[in-house]
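Step one of this worksheet: look at the structure below.
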Amino acid sequence: MPLKLMYITNRPEIALIAEKNGVDRIFVDMEYIGKAERQGNLDTVQNHHTIRDISVLRSVLTQSELLVRVNPIHEKTSEYTSSEEEIEAAIQAGADIVMLPYFKTVAEVKRFLRIVNGRVKTMLLLETPEAVDALNEILLIPGIDEIHIGINDLSIGYGKRFMFELLTDGTVERLCRKIRQKGIFYGFGGIASLGRGLVPAEMIIKEHYWLGSQMAILSRSFCNVDRYVDMDAVEEIFFRGVREIRTLEEECARHARYFTENRKELEAAVRNAVEELEAKQNR
């Protein structure tokens with residue numbers, strides 16, 4: 001089954017281009033609470049999209065699902081509304097799927113599921129060591145539709161130097177196996193355009209197939225729309241990029257036997273990437 005591809009944007013013109021070219025899910029990212037503190041020294045995007053963005057995208061999308069990442073479970077303060085109010089607003093604005101990030105406890109998952117109450121699909125973003133430790137118990141809770149393994153924050157939590165080390169040290173494989181045994185839809189991380197990335201995207205896509213992954217986020221390096229004014233250029237990137245991914249997926253489906261060789265190449269590429277990052281830090 002082809003990977004469900006997700007792309008983060010709150011711009012309707014970009015969402016329509018992505019939808020037209022086969023992106024399965026448009027991803028509105030409202031998470032901001034605590035994110036700057038834990039990712040402050042990293043080259044990551046912090047979007048802080050809004051409820052209004054959900055409504056705007058809902059009004060233009062006709063095929064792609066609308067995925068909304070809310071904030072981690074939190075109480076109401078003078079700065080922001082409670083999780084109950086935020087999730088309710090996201091559902092009312094038109095979310096098809098609500099994603100809970102950065103949870104650590106069974107209680108947080110239960111509270112999230114209780115708020116959603118089966119009205120839309122639920123997705124857990126598994127990205128803390130504490131959540132990994134509690135995963136066996138979490139997987140027994142009814143109402144979880146999907147789980148995405150967030151290897152960026154999870155690698156930070158484990159003190160890794162590079163997020164794809166979690167692919168080569170067995171962490172992602174172990175998590176995928178547990179989730180698959182419960183029959184829950186799952187995926188991990190993000191992918192760049194083919195031929196790009198510290199670790200080539202081709203290797204990561206093959207690893208998705210090896211691990212039975214069913215979804216992936218198209219990363220900023222797939223198409224950083226902030227660099228483009230011309231929408232025709234953006235359209236060309238999505239048209240070519242998604243088509244190349246789908247072509248490689250067809251190859252993966254036909255030639256499963258080459259995954260062992262890909263794992264060897266992946267391990268070497270990750271080692272090289274780590275060495276390159278360490279060399280930059282020591283300069």
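FYI, it's all coordinate maths here, none of it is from the lab. This one's a predicted model, so the numbers in the text were calculated from it and none came from an experiment. Virtual Cβ from ideal backbone geometry, glycine too; neighbours counted across all protein chains shown.
A single member of Tyr102, Tyr80 is surrounded by fewer than 18 Cβ atoms within 10 Å (Cβ to Cβ) and either in contact with a helix residue (DSSP H, G or I) (Cβ under 7 Å, 6 or more places away or on another chain) or touching a residue at least 40 places away in the same chain (Cβ under 8 Å) (or both), and it is Tyr80. Residue count for region 224-261 satisfying the condition of being under 22 Å from the mean Cα position of the chain (by Cα) and among the polar types (S, T, N, Q): 2.
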